[in-house]
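Working notes, structure below.
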Amino acid sequence: MLSSTTGIKKYYFDKNKKLLVFCWIPATPCGRCDDCIAFFRSKRSGSDDFGPDLKLLKPIEMATETQFFAGIPKIPYVLDAEGGDVLCFKHYNAEEVLMGRRMEDWLRFSVCYWHTFCGTGADPFGLQTQRRPWNEGTTPMECAKKRLHAAFEFFNKLGVKYYTLHDRDLSPEGMTLDETNRNLDEMTDLALELQNKTGVKVLWVTCNLFAHSRYMNGAATNPDSHVFAYAGAQLKKGLDVAKKLGAENFVFWGGREGYNSILNTNVAAELKHMANFFKMAIKYKEKIGLQCQFLIEPKPKEPCKHQYDYDAMSVIGFLKHFGLEGDFKLNIEPNHTTLAGHSYEHDVVMASVFGMLGSVDSNTGSPDLGWDTDQFPMDIRNTTMVMKTVVEQGGLQPGGLNFDAKVRRESTDLEDLFIAHIGAMDAFARGLRNAVSIIEEGVIASMVKERYMSFSRGIGQKVEDGTASLEELEDYVIQNGEAKVTSGKQEKYETVFNHYM
């Protein structure tokens, strides 16, 4: 809100004109927004006849009038760019065809809403460092609308086709569930309008069931059924939003679904309640005709001391135990994987082996730290390992590569948001090219095949087929004696792999 000698400058979004309108209150009120109506009702005993002294200022279309990233053009692909050229793609060529598919379709990049547009640079030891123009406003809803317009300007200039969001990223929480849902309805109306205008789609929606104090003991695993019910109500609305916005996936991340002390926790009850929560989601998804993929995102800890969705194998075991494996896949975040003590690509590979890899939150962490740093992925070895798995399973669709990453606290310029995404997109483009070369040339694959060749004949074939018995294995050893020591050739594999970097 900007003060003036004649009044106060206000903004409102005219739903009929679908334009941003400026007005001055009280000097020349527009007579259309709620502020003006309330003002004149107080002055004219409730009369709706505002008279000729009202002046509606010229509506200005938000998309053309307000540029949050002025001076930054649409990011091009420049084949011969130099090292210092950071506002262009050097490797990501969306239309380039690899193994019969465009690079854009292999990678399916997505920008996350929360870190990119809601982040402020604050951390547990310091206050906000990043001052964003879209966060300046008189009300949370005013800021939310500016933020959404800024986001779509960013998507268009970066050239991505997808974004991801939490329900509470998009609109502020109200004093009641009804007010909260009305805020969300208003913001999703605007989001849908911008999606239709730009062609940008929602890769996935998720519900923030961890930040509010009501969820301090969990949401689906909370010991209080009232809190469980609130989580269910929020999930119901979240699924409605997913359908409204045409989301291709819906993610469940249980940041508070776990425990800090086993002494006050009934683990069996909490796991059962969480499974029942997922079953309710499946039923409601079917009821409303929501066509999207359900995903669970593993993480071992933080904010809980121990989360039930610890890693890929923990989640797969949980799903199989409760008969949910046919309704869910996994959204793997490599930073979470390394927090669990695994290598960067481990959970991506494990999920894929079981046919459960649905999407990837493409970020990285600092292995020497013990928390989730959500950095942009720039390591070509890591992106190559991920893309090798993705290509081998035929792609990630309807999932994608979502940059669940934030610029560092010290990166305060708006252009840093672009540079970070460009660098990560180039890193995955290089990883894709490397992976395709590895797969097409087949050197590593032939080496692996040769290593397991003994399972293609004789007793090995019977083991492979599941027809061998322990007695047969014993007879084989008696007849053939001690097994020969065979080199694993790890260094050779690593050398060959490095050839493609």
Helical segments meeting 20 Å axial Cα length and Kyte-Doolittle -1.0 threshold in the chain (DSSP H):
140-158, 225-245, 267-288, 414-441
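Looking at region 125-197, which chymotrypsin sites (Phe, Trp or Tyr not before Pro) are in a loop (DSSP not H, G, I, E or B) and have at most 16 other Cβ atoms within 10 Å?
Listed in order of number, the matching sites are Phe125.
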Along the three principal axes, how long is the chain when you take its alpha carbons, biggest first, rounded to the nearest angstrom?
106, 60, 44
Of all GluC sites (Glu not before Pro) in region 405-488, the ones in DSSP coil with at most 13 other Cβ atoms within 10 Å are Glu410, Glu482
Just to be sure I understand: of the beta bridges DSSP finds with both ends in the chain, what percent are antiparallel, rounded to 5?
40
Going toward the positive end of the dipole of region 221-327, with +1 on Lys and Arg Cβ and -1 on Asp and Glu Cβ, which of Met313, Gly232, Thr221 do you reach last?
Gly232
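If N is the number of residues in region 72-143, what value comes out of its Cα radius of gyration divided by 2.2 N^0.38 Å?
Ratio of Cα Rg to 2.2 N^0.38 Å: 1.60.
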Kirkwood hydrodynamic radius (C-alpha pairs) into Stokes-Einstein, region 166-307, 20 °C and 1.002 mPa s, D in µm²/s:
136
Roughly speaking, to the nearest percent, how much of region 166-247's 1.4 Å accessible area is carbon and sulfur?
54
Give me the Å³ per residue figure for the convex hull around the C-alpha atoms of region 387-501.
191
Over all pairs of distinct alpha carbons, what does the Kirkwood formula give as the hydrodynamic radius of region 396-463, in Å?
16.0
Burial-style ranking of 286-297, 227-238, average other-beta-carbon count within 10 Å with highest first, yields 227-238, 286-297
Calculate the radius of gyration of the Cα atoms of region 106-189 to one decimal place, then report Dmax, the largest Cα-Cα distance, as a whole number, both in Å.
13.9, 43
Could you pull out the trypsin sites (Lys or Arg not before Pro) across region 377-416 that fall in loop regions by DSSP (anything but H, G, I, E, B) with no more than 16 other Cβ atoms inside 10 Å?
Arg408, Arg409
Measuring from centroid to centroid over Cα atoms, what is the spacing of region 279-328 and region 121-177 in Å?
27
For a paramagnetic label modelled at 7 Å from the Cα of Glu474 toward its Cβ, which residues of region 437-459 fall within the zone defined by backbone nitrogen distances under 20 Å?
459
Quick check: residue separation of Ser411 and Lys449 times 0.36 nm, minus the Cα distance between them. What number comes out in nm?
9.0 nm
Relative contact order, percent, the chain [alpha-carbon distance under 8 Å, six or more residues apart]
12
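The values are calculated or read from the model by the stated rules, or taken from the named source; none is laboratory data. Predicted model, so just to flag it, every value in this text is computed and none were measured. Please note: Cβ atoms are built from the backbone with ideal geometry, for glycine as well, and neighbour counts cover all protein chains shown. When the accessible area is computed, the model is the full protein with side chains, heavy atoms only, and any ligands, DNA or RNA have been set aside. Shrake-Rupley method; radii C 1.70, N 1.55, O 1.52, S 1.80 Å.
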